[in-house]
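The values are calculated or read from the model by the stated rules, or taken from the named source; none is laboratory data. None of the values given here were measured: they were computed from a predicted structure. A quick note on method: Cβ atoms are made from the backbone with ideal geometry, for glycine too, and the neighbour counts reach across all protein chains shown. When the accessible area is computed, the model is the full protein with side chains, heavy atoms only, and any ligands, DNA or RNA have been set aside. Shrake-Rupley method; radii C 1.70, N 1.55, O 1.52, S 1.80 Å.
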Amino acid sequence: MITQTKNTTQTAGPIQYFLLTENGIKGETASASFKLTVYQEGLIRVQVSREQSFAPNPYSVILNPQVTNFEFEETDEFLYLITKTVSVKIRRSNFSLTFLDKTGTVLSEDDPNFGISWQGTEVSSYKKLQQWEKFIGLGEKTGGLNRWGKAYTNWNTDHFAYGKNSDPLYISIPFYIGLHHERCYGMFFDNTHKTVFNFGASNNKYSYFSAEDGDMDYYFFHEKNVSDIITSYTSLTGKMEMPPMWALGFQQCRYSYYPDRDVLRLAETFRDKDIPADVIYLDIHYMENYKVFTFDGKNFPNPAALIKTLKDKGFRIVVILDPGIKVEAGYAPYLEGKAKDLYLKYPDGSDYEGHVWPGWCTFPDFTKPETRKWWAEKMAFYTDLGVDGFWTDMNEPACWGQHTPNLVEFDYEGQKATHRKGRNVYGMQMARSTQQGAKDLRDSLRPFVLTRSGFAGIQRTAAVWTGDNVANNDHMLLGIRLVNSLGLSGVSFAGYDIGGFEGNTPPPLYARWISIAAFAPLFRAHSMINSTGSEPWSFGEEVEEISRNYIKLRYKLLPLFYSAFYKSHLTGLPVSKSLAIDFPFDDNIYEKSYENQFLCCDSLLIIPVASFKEVTKGYLPEGSWYYFYTDKLYTGNQEVYVDCPLSYLPVFVKGGAILTLQDSIQHTGHLESGSLYIHVYKGSGITRFSHYEDAGDGMDFQDGAYFKREIVLNSDSNEVTVATSEGTLDSRYANLTLYFHGFEQNMANVDGKNISLEKQDVTYLKKISDFDPLPSDKHPFHTCKQVSFIHIKHSKEPVIIQLV
Ligand code: GLC
């Protein structure tokens with residue numbers, strides 16, 4: 001192999017030889033080995049290394065190559081690898097690659113001169129910028145929806161009170177989706193070193209991705225649409241497990257609630273004030289001197305009794321777990337970990353110590369299987385007390401000074417790696433071990449782990465929140481983009497600290513933030529020590545009413561959310577969807593004014609808006625849209641002005657949508673066998689919704705213990721079919737009430753019988769009379785259209801409702 005001259009760029013050079021393998025092709029160029037592997041028709045892995053062998057990547061990818069037909073062709077100039085979906089053209093003279101679709105259109109194309117090259121140990125892949133190319137995804141990254149013209153670094157970082165454009169943050173997901181010429185592709189760079197993604201920043205020729213060291217090892221995806229790329233990416237890196245139902249409810253946090261009587265008072269206040277909630281968090285003050293696997297005896301003398309009392313009131317406790325273990329003689333967990341040799345180390349074998357909350361600490365090496373097992377077993381300390389959820393924080397890993405020396409060593413599944421390669425997967429492995437503990441120790445109940453740090457594939461083990469945000473409008477809107485970008489990158493269960501972690505939250509900001517967050521997958525309020533609390537009643541009566549209204553709406557919408565989570569668990573598609581998923585080639589959605597808009601549970605279009613705005617401009621993409629509160633119908637492909645006083649967040653329902661709601665409840669354990677309200681909105685053609693129920697926890701659903709049924713709306717023939725149910729469970733809802741929005745008929749034919757439709761004012765929110773600033777002619781409730789409905793008994797049998 002040719003060696004590199006110091007201070008120059010080395011390219012892969014001409015192909016010296018190649019051979020066909022069972023699922024691709026491998027060979028050598030002048031300076032590197034290469035291998036292309038067909039994983040699926042639309043998924044090709046490219047590996048290039050200057051080492052003797054390709055380094056195994058044990059963390060993100062869980063899929064093996066699938067048996068896939070492909071063809072091979074060669075000419076004097078090129079080698080071709082061809083599947084039904086994509087072909088890769090490899091230039092013999094310098095190993096530059098071009099990916100083409102079936103029509104021969106270029107999807108992605110290496111620079112013809114230096115496709116893959118090295119500067120020192122840094123390896124990069126240079127891709128020609130395509131005309132009008134857009135880039136979306138890359139996980140938890142600040143900036144706009146379209147990442148064109150920007151560059152980002154992946155290096156997990158504890159960034160307290162980060163700015164609107166700060167980079168990097170806590171999580172690295174080296175996966176993005178490229179869009180041009182009505183085509184889309186995905187790119188996942190599986191390298192855990194510090195990586196850089198440049199989408200045409202400071203140059204007009206290339207988008208490229210680089211890693212400080214290691215192999216060029218990437219996966220190229222091509223599918224017919226963005227959804228299918230996300231599904232394919234999550235087949236490769238895994239999908240979210242079905243969370244327990246309680247984790248979809250409202251979650252209240254603070255740094256920190258203590259002593260125990262304050263926690264109890266908090267729980268009672270929720271119930272007394274008729275504000276639904278499911279989860280209370282215990283932040284670092286529950287511990288004795290911040291030492292993990294302890295409870296502070298003075299403030300929490302009897303944690304088991306406290307947790308039991310809370311559970312009886314319908315609250316789950318989630319405790320924070322920080323990785324740093326205090327170096328202290330007599331502290332059993334520290335001594336145990338040391339005796340078992342489980343901590344990150346310096347090359348001389350001594351333990352690495354960093355300063356965090358408890359003082360000087362060692363850090364369990366979560367990239368070592370023995371450490372993960374030990375930690376998972378130690379969690380019995382909590383599960384024995386009845387703790388239900390776990391919050392893995394500071395797992396970048398963070399320590400004061402924020403500069404862990406690069407010579408610190410990680411086990412990296414026996415491969416041994418320095419901090420340069422190990423850091424980015426540390427948090428993900430801590431979450432993995434914590435999830436394992438929660439599974440093993442809780443009798444097959446579903447684990448709930450919330451993590452701050454992670455890497456590609458983190459969706460398999462934990463939900464994610466976006467760290468230490470700030471109490472201002474920009475941050476509120478940024479949080480939405482972060483969550484939507486995580487959703488484009490496989491992480492469905494995500495949220496942000498409602499109200500902002502750092503700083504005092506102005507009351508209107510809290511009201512707006514909680515209204516928006518009611519439509520976020522993770523619905524959690526949190527705030528920092530010495531700042532205003534983030535409880536819904538901390539901001540005066542008006543904000544309390546607005547909060548109650550939107551929290552109650554979230555609980556009413558739980559059947560819809562639960563079905564959406566189940567769909568996400570199966571498909572990897574997010575619950576909170578950037579408009580770039582369904583409307584990738586509509587340029588308007590990338591506009592600064594519209595890039596924060598998202599679809600919640602596929603059919604609710606949320607128009608997030610700053611707290612001080614009273615009227616906003618929104619963009620309705622293709623289709624027809626009903627204003628959620630009044631049923632006013634709009635056609636798509638247009639900008640609209642909507643009133644947005646604090647009490648009404650602009651929300652539209654997609655024509656053709658099928659929404660499922662239930663009565664308002666206090667917490668998810670409070671499941672009344674009442675009615676399931678099915679709202680159908682006339683659109684065009686046939687639309688479908690899969691309603692899903694199960695026990696809300698446990699694993700029996702995997703053996704068929706669920707109730708699932710398809711609801712099909714034919715807007716052209718004005719017919720709704722509630723299909724035969726699947727699964728062994730009965731529905732928890734005794735009755736169905738069907739509401740028809742946008743239909744003119746007054747009668748329904750059900751099982752050959754004509755029934756007149758009744759009429760009712762449907763209001764999703766309670767009127768906040770004393771505070772409502774809108775004049776009565778503009779008020780949603782005064783303009784609310786009457787909606788026709790019928791009741792039917794809910795059974796497992798199919799029903800066809802024909803409007804006549
Ligand atoms: C970190 C977390 C924050 C938590 C605090 C104290 O800053 O991001 O959510 O409250 O530590 O544990």
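Sorting 320, 62 by solvent-accessible area of protein heavy atoms yields 62, 320, largest first, with a 1.4 Å probe.
Name the residues of region 215-234 whose amide N is less than 18 Å from a point 7 angstrom out from the Cα of residue 585 along the C-beta direction? Only 222-230 fall inside the zone, counting backbone N under 18 Å. Placing R0 at 51 angstrom, the Cβ-Cβ distance between residue 637 and residue 504 gives a FRET efficiency of 0.75 after rounding to 0.05. Round to the nearest 0.05 the FRET efficiency obtained for residue 728 and residue 21 when R0 = 60 Å and r is the Cβ-Cβ distance. Using R0 = 60 Å, I get an efficiency of 0.85.
Projecting the Cα atoms of 66, 166, 120 onto the charge dipole of region 10-237 (Cβ charges, centred on the Cα centre) puts 166 farthest toward the positive pole. A probe of 1.4 angstrom, applied to the heavy atoms of all protein chains, finds residue 140 with accessible area near 0 square angstrom. Dipole check for region 658-803: with +1 at the C-beta of Lys and Arg, -1 at the C-beta of Asp and Glu, and the Cα centre as origin, the magnitude is about 420 Debye.
For 641, 218, 627, give me the order by solvent-accessible area with a 1.4 Å probe, most accessible first, ignoring ligands, DNA and RNA. All intermediate terms of the calculation are to be shown ahead of the outcome.
Details: 641 160, 218 0, 627 25 Å².
Descending accessible area places them as 641, 627, 218.
Spin-label model, residue 182/residue 332: points 7 Å from Cα along the beta carbon direction are separated by 6.7 nm.
Assign unit charges at the C-beta atoms only (+1 for Lys and Arg, -1 for Asp and Glu), then state the dipole size of region 10-237 relative to its Cα centre in Debye, rounded to the nearest 20.
520
The residue among 350, 387, 363 whose Cα reaches farthest toward the positive pole of the charge dipole of region 335-399, with charges on the beta-carbon of Lys, Arg, Asp and Glu, is 350. Close amide H contacts of residue 31 (hydrogens built in the peptide plane, cut-off under 5 Å, sequence separation of 5 or more or a different chain): 2.
Evaluate the distance, in nm, between pseudo-label points positioned 7 Å from the Cα of residue 755 and of residue 73 along their respective Cα→Cβ axes. Modelled inter-label distance: 6.1 nm. Taking θ as phi - 60° and the Karplus parameters 6.51, -1.76 and 1.60, the scalar couplings of region 357-366 work out to 3, x, x, 5, 9, 9, 10, x, 7, 6 Hz in sequence order, x denoting glycine and proline.
For the peptides 496-505, 385-394, residues were scored by their other Cβ atoms within 10 Å and the scores averaged per peptide; the highest-first order is 496-505, 385-394. Taking θ as phi - 60° and the Karplus parameters 6.51, -1.76 and 1.60, the scalar couplings of region 492-507 work out to 8, 8, 9, x, 9, 6, 5, x, x, 6, 8, x, 8, 8, x, x Hz in sequence order, x denoting glycine and proline. Packing-based ranking of 65-72, 675-682, 612-619 yields 675-682, 612-619, 65-72, ordered from highest to lowest mean Cβ neighbour count within 10 Å. One chain, two ends: residue 271 and residue 712. Fully extended at 0.36 nm per residue, the span grows by 155.0 nm beyond their Cα-Cα distance.
When the alpha carbon gyration tensor of the chain is reduced to an equivalent ellipsoid, its three semi-axes come out at 43, 35, 24 angstrom, largest first. In order along region 269-282, the phi-based Karplus estimate (6.51 cos²θ - 1.76 cosθ + 1.60, θ = phi - 60°) of 3J(HN,Hα) comes to 5, 4, 5, 4, 8, 6, 10, x, 6, 10, 9, 10, 9, 10 Hz; Gly and Pro are listed as x.
Note on residue 205 and residue 105: the extension gain reaches 34.1 nm, defined as 0.36 nm multiplied by sequence separation minus the Cα-Cα distance.
Distant-in-sequence amide contacts of residue 316, defined by a placed amide H-H separation under 5 Å and a gap of 5 or more residues or a different chain, comprise 279, 280. Counted residue by residue at 0.36 nm each, then reduced by the alpha carbon distance between them, the extension gain from residue 400 to residue 700 reaches 103.6 nm. Size of region 658-803 from its Cα atoms: along the principal axes, largest to smallest, the extents are 54, 39, 24 Å. In this calculation the C-beta distance from residue 166 to residue 613 is compared with R0 = 22 Å, giving a FRET efficiency of 0.30. Ranking 491, 798, 787 by how far each Cα lies toward the positive end of the dipole of the chain (charges on Cβ) leaves 787 at the top. Peptides 145-154, 719-728 ranked from most to least packed by the mean count of surrounding Cβ atoms within 10 Å: 145-154, 719-728. Under a model in which nothing but the beta-carbon of Lys, Arg (+1) and Asp, Glu (-1) is charged, the chain shows a dipole of about 200 debye around its Cα centre. When nucleic acids and ligands are ignored and a 1.4 Å probe is applied, residue 265 ends up with an accessible area of around 130 Å². For residue 600, the accessible surface of its heavy atoms amounts to roughly 0 Å² (probe 1.4 Å, protein chains only, rounded to the nearest 10).
Residues 295, 199, ordered by accessible area of protein heavy atoms at a 1.4 angstrom probe radius and largest first, appear as 295, 199. Put simply, the amide H of residue 758, placed in the peptide plane, has neighbours under 5 Å in 789, leaving out anything fewer than 5 places away on its chain.
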